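Chemist: Take this structure, written in C-alpha cells, and hold onto it; I'll ask about it next.
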Amino acid sequence: MTANRKALVLCSGGVDSTTLLAQAVAKYGAENVYALSISYGQKHGREIEAARAVAAHYGVQQRFLDLGAIFADSACSLLAHSDAAVPAGTYAEQQAEGGEGAPVSTYVPLRNGLFLSSAASMALSLGCEVVLYGAHHDDVAGNAYPDCSMEFVEAMNRAIVEGTGGELTLEAPFVALAKADIVREGLALGVPYELTWSCYEGGEVPCGVCATCLDRAAAFAANGVDDPALATGITRG
C-alpha cells in the first residue's frame, strides 16, 4: 500500500471504473481515495445509482458534479434531450454504417476532456496527487471514442502536470488493455460486478443489444464466467 498519497478516481459505476477503484483502494487505502461521479445529462440515472453502490461498498468518500448544461446543444443519442435512439449493435458495426474514423453516435463531445479537467481541479483541492481514469483500448478501436486514446491521455496528463505545477498527474492504467483484461483483473480482486451498470438504456435490466452491453458480455465470456449482474438476477448491473 502506498502510504500518505491520495487519489481521485473517475467513477461511472461501470466495469472499468469500478475495477480501477478497487485497484486504487488496494494501493492507497480506502481512506485516501475519492470517487468522483459526474452527471452529463444522460437519459437515465442508473449509472449514478451504481456508482453510489460501488463507492459505499469500498468505503470511499464520493463527490458528485452535474455538467449536463454543457452538452445542451449536443445531438448525442445518450442525452435526455436527444430524440435519437441509442443504436443496437457493436461499435464496429455502427462505424461501418457511419463511415470509417467517425465517432459513434454515443460519443458525447469531448466529454472525457471536460471530466478530467473538472476532476483535476477537484483533486488538487482535496490534496490528491493523482487522478485515475478508466479508459481502455476497446473504446478507441476505429476512433469510436477519440477521448479514450493513448494520445489523448498523454496530452491530458501533460496539461494537468503543467497546469498544476507538477502537483498532480493523470494515470490511465487500462488505456492499452482490452475490456476482457480489465475483467480478469477485477475478478482476481473480487470486484462486486453485480453492483455495476453498463447499459446505455435505463430499464430495469440491461438491454443486451447496445454496444456497451455487447462489449461487457464479451469481456466476461472471454474469462469463462457469467456476468455476475445477470447470473445473480440483480438488476443494478
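The values are calculated or read from the model by the stated rules, or taken from the named source; none is laboratory data. Predicted model only: the values in this text are computed from it and were never measured. Neighbour counts are summed over all protein chains in view; Cβ atoms, including those assigned to glycine, are modelled from backbone coordinates with ideal geometry. Quick note on the areas: whole protein, heavy atoms, side chains included, nothing else; ligands and nucleic acids left out. Shrake-Rupley method; radii C 1.70, N 1.55, O 1.52, S 1.80 Å.
Chemist: List the residue pairs whose Cβ atoms are under 6 Å apart, where the first residue sits in the stretch 197-209 and is farther than 17 Å from SER39 by Cβ, the second is surrounded by fewer than 18 Cβ atoms within 10 Å (Cβ to Cβ), and the two are 6 or more positions apart or on different chains.
Modeler: Matching pairs, first to second residue: GLU204/THR235; VAL205/THR235; VAL209/ALA88.
Chemist: Further, regarding this structure: Would you mention how many residues in the stretch 35-49 are of a type outside the set (Asp, Glu) and open to solvent by 20 Å² or more (accessible area, probe 1.4 Å)?
Modeler: 8
Chemist: From the residues in the stretch 108-138 that are open to solvent by less than 50 Å² (accessible area, probe 1.4 Å) and hydroxyl-bearing (Ser, Thr, Tyr), which one is farthest from GLU201 (Cα to Cα)?
Modeler: Looking at residues that are open to solvent by less than 50 Å² (accessible area, probe 1.4 Å) and hydroxyl-bearing (Ser, Thr, Tyr), I get SER118.
Chemist: For the stretch 145-186, enumerate the residues that are open to solvent by less than 30 Å² (accessible area, probe 1.4 Å) and touching a residue at least 60 places away in the same chain (Cβ under 8 Å).
Modeler: PHE174, LYS179, ILE182, VAL183, GLY186
Chemist: If a residue counts only when it is touching a residue at least 12 places away in the same chain (Cβ under 8 Å), farther than 24 Å from MET156 by Cα and aromatic (Phe, Trp, Tyr), which helices (runs of 4 or more DSSP H) contained entirely in the stretch 1-113 have at least 1 such residues?
Modeler: 46-58, 91-98
Chemist: Specify the residue that is least open to solvent (accessible area, probe 1.4 Å); the eligible residues are those in the stretch 50-97 that are closer than 30 Å to VAL25 by Cα and of a type in the set (D, E, K, R).
Modeler: Among them, the one singled out is ARG63.
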